[in-house]
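Worksheet: the structure to be examined is printed underneath.
What follows draws every value from the coordinates through simple rules; no lab data is involved. Quick caveat: nothing in here was measured; it's all calculated off a predicted structure. Every residue, glycine among them, receives a Cβ derived from its backbone with ideal geometry; neighbour counts consider all protein chains shown.
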Amino acid sequence: MKISIFANDSEKSAAIKQQLNKKLAERHFIFDDKNPEIVITVGGDGTLLSAFHHYADKLDQIRFVGVHTGHLGFYTDWRDDEIDDLIISLQSDNRQSVSYPLLDVAVKFRQTNKIQQYLALNESSLRRVGPTLAADVYIGGDLFERFRGDGLCVATPTGSTGYSKSLGGAVVHPDMPVLQLAEISSINNRVFRTISSPLIISPNDWVTIIPIALAHSEELLLTVDSSYYHMADIEQVSYKVSKKKVHFAKYRHNGFWNRVKDSFIGDEP
């Protein structure tokens, strides 16, 4: 089995990575950072997000395993004091995995017709730099509304527990390969009206956001997970459920609702 260890820059994560390197080498695992079969992340959910984007072009051949050095995250199943147990699981690996849906993001530019593609594990948002954003929102090719406000966010089911939740979105189980569209501070009065509610979008549909009343040189801010892009001359941004998925090694994968409870509710009083 070919393994890569992807750690953040903290002192604690570096120490755990060193332990893993030593113990895995003693058991004759192969280290391969270019074409791994298992990627072990050491840190937190942010570290796993970084690893996901680093290996985005190899997702069909990789399973991820997360070791957390802080509090339990949504993508990290193992504590830093369970390294020996993790190695035993790696030795008895049966190639089982659990998979989560991803988000395709396509940005089309007005003057060149060029299309820039991105892939998101959690969410993507579109905002105007400065004044409020005005945009026509299409669902499945049909005009749904003309939005005015700070911006719009499209999230995956696993991303529904993050920024989307803070916008009033529902928490969606990742077995449902859907998108969730949420408004960011929409303007609603006698002149401007929006649905003012998060929407769950079928995997057979897609969301297209077409900014209006923008000068060619005016910038929009596109976010894809933790990355930010300032872009001018955007004609439209389209979102759909990706054909790709992210895969996690299913050794003792913590159930989704247990993760939600641990993160937001904690132990019962």
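What do you get when you divide the Cα radius of gyration of the chain by 2.2 N^0.38 Å, with N the number of residues? Please list the in-between numbers first.
Details: Rg = 20.4 Å, N = 269, 2.2 N^0.38 = 18.4 Å.
Taking N as the residue count of the chain, the ratio is 1.11.
For residue 66, which sequence-distant residues (separation of 5 or more, or a different chain) have an amide H within less than 5 Å of its own amide H, given hydrogens modelled in the peptide plane?
Sorted by chain and number, the residues that satisfy this are 41, 77, 78.
Among 127-137, 8-18, what's the highest-first ranking by average C-beta atoms within 10 angstrom per residue? Intermediate results must be reported in sequence, preceding the final value.
Values: 127-137: 17.0, 8-18: 15.5.
So the peptides 127-137, 8-18, ranked by packing, come out 127-137, 8-18.
Once the convex hull of the alpha carbons of the stretch 192-269 is built, what does its volume come to per residue, in cubic angstrom?
On the way: hull volume 15.9 nm³, N = 78.
So the per-residue hull volume is 204 Å³.
Going by average Cβ density within 10 Å per residue, which order do the peptides 47-53, 98-104 take, highest to lowest? Please list the in-between numbers first.
On the way: 47-53: 22.3, 98-104: 20.1.
Going by the mean number of other Cβ atoms within 10 Å, highest first, we get 47-53, 98-104.
Within straight cross-link reach of residue 12, meaning Cα distance under 15 Å, which aspartates and glutamates are found once same-chain residues fewer than 8 apart are removed?
Once the sequence-local aspartates and glutamates are set aside, what remains near residue 12 is 80, 81, 82.
The stretch 55-74 to the stretch 14-52: how many Å between their Cα centroids?
10
Mind checking which aspartates and glutamates have their Cα closer than 16 Å to the Cα of residue 58? Skip sequence neighbours fewer than 8 apart in that chain.
Partners within reach: 32, 33, 37, 104.
Relative contact order for the stretch 87-136: what is it in percent, counting Cα pairs under 8 Å that are at least 6 residues apart? Could you put the intermediate results ahead of the total?
Values: 31 pairs, mean separation 13.5, N = 50.
Dividing the mean separation by the residue count of the stretch 87-136 yields 27 percent.
Using helices alone, what [θ] at 222 nm do you get for the chain, with -39,500 (n - 2.57) per DSSP H run of 4 or more residues, divided over all residues and rounded to the nearest 500?
Details: 5 runs with 48 residues, N = 269.
Helix-only estimate at 222 nm: -5000 deg cm²/dmol.
Below 8 Å, C-alpha to C-alpha, sequence gap of six or more: please give me the relative contact order for the chain in percent.
Working: 570 pairs, mean separation 53.9, N = 269.
Once normalised by length, the contact order is 20 percent.
Would you kindly give the portion of the calculated P(r) for the stretch 5-58 that falls above 14 Å, as a percent of all Cα pairs? Don't skip to the end; give the middle numbers.
On the way: 784 of 1431 pairs.
Roughly 55 percent, once rounded to a whole number.
Taking a ≥ b ≥ c as the square roots of the eigenvalues of the Cα gyration tensor of the stretch 102-243, is the shape rounded (a/c under 1.5), prolate (a/b larger than b/c) or oblate?
Values: a/c = 1.57, a/b = 1.20, b/c = 1.32.
Verdict is oblate for the stretch 102-243.
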